[in-house]
Structure formats: structure tokens, C-alpha cells
Amino acid sequence: MHKRSDKVAEAIHELVSGLLVKGLKDPRIGFVTITGVKVTDDIRHATIYYTVMGSDEEKKATSHGLNSAVGFIRKEVGKELRLRFAPELIFKYDESIEYGSRIDKLLKEIRSEDGDND
């Protein structure tokens, strides 16, 4: 059985992804992918994890853009999900994909070095 917070997290994920696809009017927000949403059990706080394609400067600009759009996004979440209280939204850059890519690259390097020694 799903907890209510899990259902709300899933709904926020879909809603915020949709808002990003339609495009927030902030030019700083680049090509963003929402990788996950965690909502506290009391549904007062939601952490939205995202990744961005681009340089470090573009990632920084996207972070500023998302943080300045938090009020608008929160209002949309409250309106669409018909919650008594719209949760506080916190955007966090998801480093797990970059970390996974780095591990993958290192493993490939190790394999290629092992192949050279045969």
C-alpha cells in the first residue's frame, strides 16, 4: 500500500516535469530533467531532485532560475493537487547520474588497462 506522501511525490514529479516541458518563462532554466521527488510524511516539504545538461555555468544559472520560480511552482502544485497546504519546495541538483558516469568511466579505464596486460 502506498503512503499518501508517495502519491503526492509522484503527482508533484509529473506536474513539475510538465511545467518544465511547457517552459517556465525564465531563460536561465536550461534542459532540466526531474529525477525524483521526496515528500515528508506530513506533506509540508518536498525535495525535487533534478539534473541539467550543460556546462557548470548553465547548471548554476538553472539552479538560480528554479529557485526564483519556486513560488510560482508551489502555487501551481497547490492549485493542481488541491492540497490544504502546498508543500515547501526545495530544488536539489542530483549528482548521482554524474557520479554513476564517473564510476562507469573509471571501470572502463581499469578494464582497458587489464586488457593491455594480457
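The values are calculated or read from the model by the stated rules, or taken from the named source; none is laboratory data. Keep in mind that what you see is a predicted model, and the values were worked out from it rather than measured. Ideal geometry is used to build each Cβ from the backbone, glycine not excepted, and the neighbour counts take in all protein chains shown.
Sort out which residues of the range 1-12 are free of Cβ contacts under 8 Å to residues at least 24 places away in the same chain and either polar (S, T, N, Q) or in a loop (DSSP other than H, G, I, E, B) (or both), and write them in order of number. Passing the criteria: Met1, His2. Out of all the residues in the range 94-115, is one or more touching an Asp or Glu at 6+ places or on another chain (Cβ under 8 Å) and of a type in the set (D, E, K, R)? Among the residues of the range 94-115, not one is touching an Asp or Glu at 6+ places or on another chain (Cβ under 8 Å) and of a type in the set (D, E, K, R), which makes the answer no. Contact map, the range 77-94: residues that are free of Cβ contacts under 8 Å to residues at least 60 places away in the same chain and closer than 23 Å to Gly65 by Cβ paired with residues that are polar (S, T, N, Q) and part of a helix (DSSP H, G or I), Cβ distance under 8 Å, separation 6+ or inter-chain. Pairs shown: Phe91/Ser63; Phe91/Asn67; Tyr93/Ser63. Among the criteria (1) part of a helix (DSSP H, G or I); (2) touching a Pro at 6+ places or on another chain (Cβ under 9 Å); (3) under 17 Å from Asp94 (Cβ atoms), the one Leu66 does not fulfil is (2). The single condition from (1) loosely packed, with under 14 Cβ neighbours inside 10 Å; (2) of a type in the set (A, V, I, L, M); (3) farther than 21 Å from Tyr99 by Cα; (4) in contact (Cβ under 8 Å) with a residue 12 or more places away in the chain that Met53 fails is (3). The condition of being under 14 Å from the mean Cα position of the chain (by Cα) and of a type in the set (Asp, Glu) holds for only one of Glu80, Glu98, that being Glu98. Failed condition for Gly65, given (1) in contact with a helix residue (DSSP H, G or I) (Cβ under 7 Å, 6 or more places away or on another chain); (2) within 20 Å of Leu24 (Cα to Cα), with all others met? Looking at each condition in turn, Gly65 falls short on (1).
Every condition in (1) part of a helix (DSSP H, G or I); (2) more than 20 Å from Asp6 (Cβ to Cβ); (3) free of Cβ contacts under 8 Å to residues at least 24 places away in the same chain is met by Lys59 except one, and the failing one is (3).
Matching residues to (1) surrounded by 11 or more Cβ atoms within 10 Å (Cβ to Cβ); (2) aromatic (Phe, Trp, Tyr); (3) at pLDDT below 90; (4) over 17 Å from Leu20 (Cα atoms):
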| residue | (1), (2), (3), (4) |
| --- | --- |
| Glu57 | no, no, no, yes |
| Lys60 | yes, no, no, no |
| His64 | yes, no, no, no |
| Phe72 | yes, yes, no, no |
| Leu83 | yes, no, yes, yes |
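Looking across the range 16-39, the residues that are of a type outside the set (A, V, I, L, M) and closer than 15 Å to Leu81 by Cβ come down to Ser17, Gly18. State which residue is surrounded by the fewest Cβ atoms within 10 Å (Cβ to Cβ) when the search covers only the range 13-50 and only residues that are touching a residue at least 60 places away in the same chain (Cβ under 8 Å) and within 10 Å of the chain's Cα centre (by Cα). Checking each candidate, the answer is Thr35.
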